[in-house]
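J.: Sharing a structure with you now.
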Amino acid sequence: MTAVLEKPTQKLAPKEPRQWKGAAVFVAVAVVALVVMPLVLEPFRLGLLAKYLCYAIVALGIGLAWGQGGMLTLGQGVFFGLGGYAMGMYLKLNDAGGDLPDFMVWSGVEELPALWAPFGNPVFALAMVVVVPLVVAVALGTLVFRQRVRGAYFAILTQALAAALVILLIGQQGLTGGTNGLTNFFDFFGNDVAAESTQRGLYLTVAIVLGVLYLGAWQLVRSRFGRLLLAVRDGEDRVRFLGYNPATVKTITFAISAVMAGIAGALFVPVVGIISPALLGVVPSLELVVAVAVGGRFALAGAVLGAVVMGYAKTYFSEELPDAWLYLQGALFILVMTLAPKGIVGVAAALRDRVRKEASA
Amino acid sequence: MTALLEVRDLSVVFDGFRAIDGVDFTVQNGELRFLIGPNGAGKTTLIDIITGLTKPTTGSVVFDGRSLAGKREHERVRLGIGRTFQTSVVFEELTVLENLDLAASFRRPLWSLLARRKGVIAAVEQALETTGLTDLASRKAGVLSHGQRQWLEIGMLIAQGPRLLLLDEPVAGMSSDERSRTGELLTSIAKDHTVIVIEHDMEFLRRYASQVTVLHEGKVLIEGSVDEVRADPRVQEVYLGRAREEAAHDAVS
Amino acid sequence: MEGFLNQLPIGLSIGAVLLLIALGLTFTFGQMGVINMAHGEFIMAGAYTAFLLQDWAGRSAVLVALPVAFVVAGLMGLLLERAAIRHFYGRPLDTLLLTWGVSLVLQQLARDLFGAPNVQVLSPTWLQGAIGPMPYNRLFILVLAVGSVVAIWLYMSRSAQGRRMQAVMQNRQLAATSGINTGRVDQRTFFIGSGLAGIAGVALTLIGPVGPTLGTYYIVDAFLVVVAGGLGQLRGAVIAAAALGLLNSYAEFWTNASLAKVIVFAVIVAFLQFRPQGLFVLRSRALT
Amino acid sequence: MLTVDRLESGYGRARVLFGVSLDVAAGQLVCVMGRNGVGKTTLLNTLMGVIPATAGTVTFGDRDITKLKPHERVRLGLGYVPQGHETFPQLTVHANLLVTLDASGNPASALDEALDVFPRLKPLLKRRAGFLSGGQQQQLAIARALVTRPKLLILDEPTEGIQPSIIIEIEEAIETLHRSGIAILLVEQYLDLALRLADRYVILDAGRVVHAGTATDLQGEEARRLLAV
Amino acid sequence: GDPATTEGTASGGGGDTIKVGLLHSLSGTMAISEVTVRDAELLAIEEINKAGGVLGKQLEPVVEDGASDWPTFAEKATKLIAQDKVATVFGGWTSASRKAMLPVFEQRKALLWYPVQYEGLESSPYIFYTGATTNQQIIPGLDYLKEQGKKKLFLVGSDYVFPRTANKIIKAYAAANGMEILGEEYTPLGHTEYSTLTNKVVQAKPDAVFNTLNGDSNVAFFKQLKSAGVTAESMPVLSVSVAEEEVTGIGVDNIVGHPVAWNYYQTTETPANAKFVEAFKAKYGAAKVTSDPMEAGYNAVYLWAEAVKKAGSVEVEAVKKAAGGIALERPEGLVTIDGETQHMYKTARIGIIQPDGLIKEVWNSGEPIKPDPYLKTYPWAGGLAS
Ligand SMILES: Nc1ncnc2c1ncn2[C@@H]1O[C@H](COP(=O)(O)OP(=O)(O)OP(=O)(O)O)[C@@H](O)[C@H]1O
Ligand SMILES: Nc1ncnc2c1ncn2[C@@H]1O[C@H](COP(=O)(O)OP(=O)(O)OP(=O)(O)O)[C@@H](O)[C@H]1O
Ligand SMILES: NC(N)=O
Ligand SMILES: [Mg+2]
Ligand SMILES: [Mg+2]
């Protein structure tokens, strides 16, 4: 083939984006999170931060699935819950030390259910934290994406999935603890779960896990796969004609986001001390989507930022202005969606551009 | 030459309307085939069926000796069938380069896509040069004009390295100069690919086509050289609109 | 056996409730591509309208409230459309989140205006009683649902306004450049869709609680109807509501309320395997 | 009749038009030409109010319409056929025409007149517009604009993707309309067709008018050069 | 974190005031019920402060919102204890919220006063239960039905721990008392479609229904039961979670004549209640009603204050030790703290809903019943607490 159109006038030097800047910010944030926070925050507040970071892990997955892949999942709580229950079951069995967990006793269960038995093994339980969300997400993804269920249909289906799982969990009180969920934990891998040192260690663990997952997600987004994901988001049908199966791309991404949520759920349990169906429902799932939107859904950093900011805001307002929280949450959300659909990150970028422009003018 | 694409007794019915009605259609390896016919004749639908976008009601499509029945869109692309669309659809959020790169990468194993793109693959560089989009390589495809998009789509098609290219009105909306260059591009592509082009521009046809198939009301009306086809009274009747077409031709030449 | 037979009219009446709550949602989605999570709160507004009208209309407030609630909820919808939604056309998922924010605000507003506890709406004496297993008030809802469907269908297919609505939905920019005042059409559409929620709210006072969280009890079910029917498809919504009503009724009859909900969900997922876009799909040749 | 003065517009921060001025006198047919991507469609969209003008004015008759909404411009007598044979896909052909008719407030006869210009649409009246072929859709699109009885008809590449015989019909229709006194602003890529139809022409390049004149000027080498890349 | 609050005040007793935490759902589905309990607790605090406070110090309420979300209850409990260093917490409604808070109080050795009737089978050393346990509400309710000659029961409840446990007890009771259970149905919290359930109930033809539905579901249930033609005469529905507050929302029409079981009604005739109702209406409006959980919350503050006075300190272990045996005349009558179980001796009362929305007592246990959360004194309940 010869060049019959224009001759190239400029050789293609693959531009190096300002990567070192991103790396610098990441390191700075990591230092603050790992060194400064444990020093300046009192234990109770550090525990709260650990909780927000758990949410941030879920948000990261939502950012990936929704922001990058266009899959608005309103049922991320499902995977959070699956991870959380896997961890909770292990902790309960560990605490019970061979006896029946407390809730089974008052629920009239006489023998440890077969489903529970393997969760006494910590390795198995930890594996299930990843495997169960993965399997559910792959199964659901394969079913729905293959059939090209997408957009609003997908969103509503995931929402219904969350609602259904909550009902199912509540209905099986002897197996799941019902609405109460699993709570009253004592021992976390040999440590007193309520002890300050354990909680600090947990905080650091959550922060490190978040950092690692963030880097992984970042790499994913920058990769060809990430480009492909954007392409699927913007033109799923067209992608088929490039020789890719969009269902596979979406299922993989959805599964990754589900695994992230599962890991977050597992970390949440020792941090907060409870996992209950209410955490899996539509509302918490939606709240996290909102957080991602507030932070900026098109940037992974936005998702993480949004989760932390909204988590903090919720705590702050429920302490200071409990009656106003719903108004504030609603209003904040309306404002962000109308005025700043790209969220905090988008606003920041716009401001930076303006400052640059003025500086150069 | 052997047949690369064989369409046998193909029909498709939409809500009782026969858009394709018993089409037999064969394209040999290495051919540059033009497909013309009135608006609504079923040209796009035929391509839709070949590429898996529409399911035929009856009939078969055999590509390179293999039946395409039951194969999904992306599987057909993997067999080497590439197409462009009548109204171009490119990924607006991706740069021109990234659009081309994705088109060129589908044969890689999925896991290898997890690595970042380093540099520019040869096929992409080639496609950029061929389409003259090199200067726009790092621009988002969303800012391209209609014509530039069409070129980008052709570029993506080239970068896919398909064996059979199906182009649906590639020069629609282009200025005459742009048409010429696209025509030359097609001719050069056709040297080592099999190409089917749908086009309405008779001037373009006269310059670049040899074999032409005319569809009409879902059936093949005639197949032959450009001159044979143009001379056919039925083609003039249903497609060309004899009097003015001649007049127009005379006026220009 | 009698219990089994009774479930048939019960299923249909459940379907009528589902249809009534989903109708406005289907309408706004079908015509505007807006997924209105605040729909439940417009329903709530309708219910509170009936509550407020009791003061002078007494026990027949329900009747008086139907038109009033239509207008009240419609105006709320209009306000929402003007204030926010009009910036969101073509971004259905964003409207979903936006309107969720609105629903939170409206719930809290109701709590502040009417208090957190449920309020009392007494049903008219002439609606007390039943034919077999079918209470009059359920029958009333059934009639209301059927009537609303017919009215909307006539409006959409027979009136010039309805046609204009469809035009705007299908090609907003083209509609504008064809001389249609798209802003006006949007307002009207949202008014009607929200107004239907108001009617549903009045009807629900006959059978359920009237409080700030009223909307949240129905919204998921309403969405399921809309999804199963094919977003925005009137006949899809009708059939889906009836089918889900019957399914729910029999599933609960044989198992229990919790399992019935899970079964309904499972059936919908399975169903979408065959009909990924719901019962009725608007086909088009466009690629996404 | 239509006066465009130093019009500027674009998309977001990207400017596309950099001060375009042109006139269309009553009954005149003006052809806008230029390569792909020079801003022809953007110009027409700005004229119709689909995208806002960032500077400059558009005057129609003696009215400044720069700030009007698209539907208000239609009511003043601008008819628009956008690029890419646009329709209301789920409505029937008939409903496509009707909906435009009743938005314009014209009597039903306007619809019959439009169908007389495009008789091929008559057997298709009950079909859904979205399933028509490109050529059929384009005829519908022009017919739909005619139903509003425009004083100025704006057409964006009406022959794009259309079979030769229908191009001839469309060309004839445009000629007929032009002769009947309607002013026309036409974007067209086929030079010969433009030459046959236009009274005057305007050539755009990179968002600016680089050449304007009467149809006879366009025969010149200079104009042909400007239209080449 | 504000260091001033964390270091200065030790255990809520060091400053000029004593901080106490009030932790109820002020938002979400449970707000309907819990806000009223908080109001009653605030009233008690106000009254105690007016009377000179406790140990010469004023009580300072720190109000937090549990938001109808159990993990939030755990979090806010931690906050009240660790950050505000309150002397004690009054809070919770649902058993789930209590179960979520329980480990927090036990691990941090802090005190919770829980004011709602519940399913029993629990006795945390760091919780005082001022509502009824099962032998003070459910069992008297069953006794009443038995006495009325209702032998065939249908059990309807919300799907969570209290109704499920209550129904287990009811079934054991029925087995021992020659009663028959014709059906047992649970619906999710917030469920509003009761036509199928109603059909099942009507088809089963029970003598009475034992209702452990919670919250808004009661509204839908009673409305739909009424329109199916069920009346209090033909088939009484005994509820244990419907109080004065809920009657309005259900619509008096729909529930009039049906029995309920509690320890307190607004109409209960004691001098203390006359004062309570008057004070409550004066503070919150004449249209407000008082109910059993509100009274139990109101009592909790007084009982704690009494224990502090007796201990001479707000220190948790001292208060716990002092609490046993404290007896106060409360609106429901004499309430005595059982030091062993940290539950109360309470008088059981059956009432009938009146056309004015209030509840008229038709039966009471005569004297306060000793709390027996594990039903150890009921032979038929042997297997329940295993
Ligand atoms: N999905 C569909 N449902 C119903 N009818 C359809 C559908 N797709 C195509 N058609 C009809 O089939 C016929 C053939 O359409 P097709 O697009 O293949 O024509 P074409 O030859 O490509 O025309 P053009 O040259 O105008 O692009 C048209 O009449 C069209 O209306
Ligand atoms: N939605 C858009 N957002 C950003 N830039 C756009 C958009 N649409 C068009 N452009 C840019 O505006 C310029 C002019 O586009 P326009 O569509 O007006 O060109 P045109 O002259 O009509 O070309 P064609 O002959 O291909 O139709 C192009 O460079 C294009 O990249
Ligand atoms: N304890 C209760 N009523 O949940
Ligand atoms: Mg075509
Ligand atoms: Mg254009």
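J.: Could you grab the pairs with beta carbons closer than 9 Å, sequence gap of 6+ or different chains, first residue in the stretch D:54-69 and more than 16 Å from C:A176 (Cβ to Cβ), second one of a type in the set (K, R) and in a loop (DSSP other than H, G, I, E, B)?
T.: Close Cβ pairs (under 9 Å, with a partner that is of a type in the set (K, R) and in a loop (DSSP other than H, G, I, E, B)) amount to D:F60/D:K151; D:G61/D:K151.
J.: While we're here: Of the conditions (1) out of contact with any Phe, Trp or Tyr (no Cβ under 6 Å at 6 or more places or on another chain); (2) more than 10 Å from chain C (Cβ to nearest Cβ); (3) not small (G, A, S), E:P206 fails just one. Which one is it?
T.: All conditions pass for E:P206, except number (1).
J.: Consider only pairs whose beta carbons are under 9 Å apart and that are at least six residues apart or on different chains; among these, list those whose first residue lies in the stretch D:181-203 and is more than 13 Å from every other protein chain (Cβ to nearest Cβ) and whose second residue is within 16 Å of ligand 2 (Cβ to nearest atom) and among the acidic types (D, E).
T.: D:L186/D:D156; D:L186/D:E157; D:A198/D:E188
J.: Now for a different question. Looking only at the stretch C:253-288, count how many residues are more than 12 Å from chain A (Cβ to nearest Cβ) and either assigned to a helix (DSSP H, G or I) or modelled with pLDDT of 70 or more (or both).
T.: Residues in the stretch C:253-288 being more than 12 Å from chain A (Cβ to nearest Cβ) and either assigned to a helix (DSSP H, G or I) or modelled with pLDDT of 70 or more (or both): 2 in total.
J.: Residues of the stretch B:181-203 being of a type outside the set (V, I, T), surrounded by fewer than 22 Cβ atoms within 10 Å (Cβ to Cβ) and closer than 27 Å to B:G80 by Cα, which ones?
T.: As a first pass, look at the stretch B:181-203 and keep what is of a type outside the set (V, I, T): B:181, B:183-186, B:188, B:190-193, B:199-203.
When the remaining residues are screened for being surrounded by fewer than 22 Cβ atoms within 10 Å (Cβ to Cβ), the result is B:181, B:184, B:188, B:190-192, B:202-203.
Answer for the stretch B:181-203, where residues must be of a type outside the set (V, I, T), surrounded by fewer than 22 Cβ atoms within 10 Å (Cβ to Cβ) and closer than 27 Å to B:G80 by Cα: B:R181, B:E184, B:S188, B:A190, B:K191, B:D192.
J.: Please determine whether any residue of the stretch D:130-142 is in contact with a Leu (Cβ under 8 Å, 6 or more places away or on another chain), within 16 Å of ligand 2 (Cβ to nearest atom) and over 19 Å from B:A41 (Cα atoms).
T.: Looking through the stretch D:130-142, none of the residues is in contact with a Leu (Cβ under 8 Å, 6 or more places away or on another chain), within 16 Å of ligand 2 (Cβ to nearest atom) and over 19 Å from B:A41 (Cα atoms).
J.: Only one of (1) surrounded by fewer than 24 Cβ atoms within 10 Å (Cβ to Cβ); (2) under 21 Å from E:T377 (Cβ atoms); (3) modelled with pLDDT under 95 fails for E:D143. Which number is that?
T.: Only one criterion is unmet by E:D143, namely (3).
J.: Across the stretch C:163-181, what is the number of residues that are facing chain D (nearest Cβ under 7 Å), part of a helix (DSSP H, G or I), open to solvent by 10 Å² or more (accessible area, probe 1.4 Å) and within 19 Å of C:R91 (Cβ to Cβ)?
T.: 3
J.: Also: Of everything in the stretch C:114-143, what is among the hydroxyl-bearing types (S, T, Y) and in contact (Cβ under 8 Å) with a residue 12 or more places away in the chain? Give them in sequence order.
T.: C:S123, C:T125
J.: Now a separate question. Evaluate the following for B:R76: is it in contact with a Gly (Cβ under 6 Å, 6 or more places away or on another chain) and either away from ligand 2 (no atom under 14 Å from the Cβ) or open to solvent by 10 Å² or more (accessible area, probe 1.4 Å) (or both)? Don't jump to the end; show me each part of the working.
T.: On the way: in contact with a Gly (Cβ under 6 Å, 6 or more places away or on another chain): yes; either away from ligand 2 (no atom under 14 Å from the Cβ) or open to solvent by 10 Å² or more (accessible area, probe 1.4 Å) (or both): yes.
Taking the combined requirement at face value, the residue satisfies it.
J.: Here is a further query. Looking at B:R78 and the list (1) modelled with pLDDT under 90; (2) away from ligand 4 (no atom under 16 Å from the Cβ); (3) at the interface with another protein chain (Cβ under 7 Å from one of its Cβ atoms), which single condition is not satisfied?
T.: Every listed condition holds for B:R78 apart from (1).
J.: Can you find a residue in the stretch B:137-145 that is under 16 Å from A:L242 (Cβ atoms), at pLDDT 90 or above, more than 16 Å from ligand 3 (Cβ to nearest atom) and surrounded by 23 or more Cβ atoms within 10 Å (Cβ to Cβ)?
T.: Yes - at least one qualifying residue is present in the stretch B:137-145.
J.: Looking only at residues that are in contact with a helix residue (DSSP H, G or I) (Cβ under 8 Å, 6 or more places away or on another chain) and open to solvent by 10 Å² or more (accessible area, probe 1.4 Å) in the stretch B:79-95, which one is nearest to ligand 5 (Cβ to nearest atom)?
T.: Checking each candidate, the answer is B:S88.
J.: From the list D:V32, D:V38, D:V16, which one is more than 21 Å from C:G183 (Cα to Cα), within 13 Å of chain B (Cβ to nearest Cβ) and either within 16 Å of ligand 3 (Cβ to nearest atom) or out of contact with any helix residue (DSSP H, G or I) (no Cβ under 9 Å at 6 or more places or on another chain) (or both)? So that I can check it myself, show each step before the final result.
T.: Values: D:V32 fails: either within 16 Å of ligand 3 (Cβ to nearest atom) or out of contact with any helix residue (DSSP H, G or I) (no Cβ under 9 Å at 6 or more places or on another chain) (or both); D:V16 fails: either within 16 Å of ligand 3 (Cβ to nearest atom) or out of contact with any helix residue (DSSP H, G or I) (no Cβ under 9 Å at 6 or more places or on another chain) (or both).
From the options D:V32, D:V38, D:V16, the qualifying one is D:V38.
J.: Sticking with this one: What do you reckon, is C:V146 touching a residue at least 40 places away in the same chain (Cβ under 8 Å), out of contact with any helix residue (DSSP H, G or I) (no Cβ under 7 Å at 6 or more places or on another chain), outside any strand (DSSP E or B) and more than 10 Å from every other protein chain (Cβ to nearest Cβ)?
T.: Numbers: touching a residue at least 40 places away in the same chain (Cβ under 8 Å): yes; out of contact with any helix residue (DSSP H, G or I) (no Cβ under 7 Å at 6 or more places or on another chain): yes; outside any strand (DSSP E or B): yes; more than 10 Å from every other protein chain (Cβ to nearest Cβ): yes.
Here the answer is yes, as C:V146 does meet what is asked.
J.: Scan the stretch E:104-160 residue by residue and report those that are within 17 Å of the chain's Cα centre (by Cα), among the β-branched types (V, I, T) and more than 14 Å from chain A (Cβ to nearest Cβ). Outline the logic, then answer.
T.: In the first step, residues of the stretch E:104-160 are kept if they are within 17 Å of the chain's Cα centre (by Cα); the result is E:112-124, E:127-141, E:157-158, E:160.
Those left that are additionally among the β-branched types (V, I, T): E:116, E:127, E:130, E:133-134, E:138-139.
Passing the criteria: E:V116, E:T130, E:I138, E:I139.
J.: Quick one: D:A55 ticks every box in (1) surrounded by fewer than 19 Cβ atoms within 10 Å (Cβ to Cβ); (2) within 13 Å of chain B (Cβ to nearest Cβ); (3) aliphatic (A, V, I, L, M) except a single one, so which number is it?
T.: Result: D:A55 passes all but (2).
J.: With respect to A:V249, determine if the residue is more than 7 Å from every other protein chain (Cβ to nearest Cβ), without any contact (Cβ under 8 Å) to a residue 24 or more places away in the chain and surrounded by fewer than 24 Cβ atoms within 10 Å (Cβ to Cβ).
T.: no
J.: Could you check, for the stretch B:2-18, whether at least one of its residues is more than 16 Å from ligand 2 (Cβ to nearest atom), open to solvent by 30 Å² or more (accessible area, probe 1.4 Å) and within 22 Å of B:G183 (Cβ to Cβ)? Steps first, answer last, please.
T.: First, pick out the residues of the stretch B:2-18 that are more than 16 Å from ligand 2 (Cβ to nearest atom): B:2-18.
Retained after the next criterion (residues that are open to solvent by 30 Å² or more (accessible area, probe 1.4 Å)): B:2-3, B:6, B:8-9, B:13-18.
Narrowing further to those that are within 22 Å of B:G183 (Cβ to Cβ): none.
No.
J.: Scan the stretch D:166-180 for residues that are at the interface with another protein chain (Cβ under 7 Å from one of its Cβ atoms) and within 16 Å of ligand 4 (Cβ to nearest atom) and report the count.
T.: Kept after step one, since they are at the interface with another protein chain (Cβ under 7 Å from one of its Cβ atoms), are these residues of the stretch D:166-180: D:166, D:168.
Pick out the ones that are also within 16 Å of ligand 4 (Cβ to nearest atom) and you get D:166.
Residues that pass the stated criteria total 1.
J.: Would it be correct to say that D:V38 is closer than 30 Å to B:A141 by Cβ and not in a strand (DSSP E or B)?
T.: Working: closer than 30 Å to B:A141 by Cβ: yes; not in a strand (DSSP E or B): yes.
When the stated conditions are applied, D:V38 passes them.
J.: Another one. Just checking, how many residues over the stretch A:258-293 are open to solvent by 10 Å² or more (accessible area, probe 1.4 Å), facing chain E (nearest Cβ under 10 Å) and touching a Pro at 6+ places or on another chain (Cβ under 8 Å)?
T.: 4
J.: Pairs, please: C-beta under 9 Å, at least 6 apart or cross-chain, first residue closer than 19 Å to D:L193 by Cβ and in the stretch D:139-168, second charged (D, E, K, R) and within 16 Å of ligand 4 (Cβ to nearest atom)?
T.: What qualifies is D:A141/D:E86; D:E160/B:E169; D:G161/B:E169; D:P164/B:D201.
J.: Grab the helices (runs of 4 or more DSSP H) fully contained in the stretch E:1-93, keeping just those with 2 or more residues being modelled with pLDDT under 90.
T.: Filter on the stretch E:1-93 gives E:3-7, E:31-50.
J.: Another question about this same structure. Residue by residue through the stretch B:159-213, note down the ones that are within 16 Å of ligand 1 (Cβ to nearest atom), touching a Phe, Trp or Tyr at 6+ places or on another chain (Cβ under 7 Å) and assigned to a helix (DSSP H, G or I).
T.: B:L205, the sole residue that qualifies.
J.: If you don't mind, there's one more thing I want to ask. Only one of (1) within 14 Å of chain E (Cβ to nearest Cβ); (2) open to solvent by 40 Å² or more (accessible area, probe 1.4 Å); (3) not in a loop (DSSP other than H, G, I, E, B) fails for C:Q120. Which number is that?
T.: (3)
J.: Ok, one more. Could you please find all residues in the stretch C:220-236 being among the hydrophobic types (A, V, I, L, M, F, W, C) and more than 9 Å from chain A (Cβ to nearest Cβ)?
T.: Selection gives C:A222, C:V225, C:A228, C:L234.
The values are calculated or read from the model by the stated rules, or taken from the named source; none is laboratory data. The shown structure was predicted, so the numbers you read here are calculated from the model rather than taken from an experiment. Using ideal geometry, Cβ is built from the backbone for each residue, glycine included, and neighbour counts are taken over all protein chains shown. Each accessible area value is taken on the protein alone, full model and side chains, heavy atoms only, with ligands, DNA and RNA left out. Shrake-Rupley method; radii C 1.70, N 1.55, O 1.52, S 1.80 Å.
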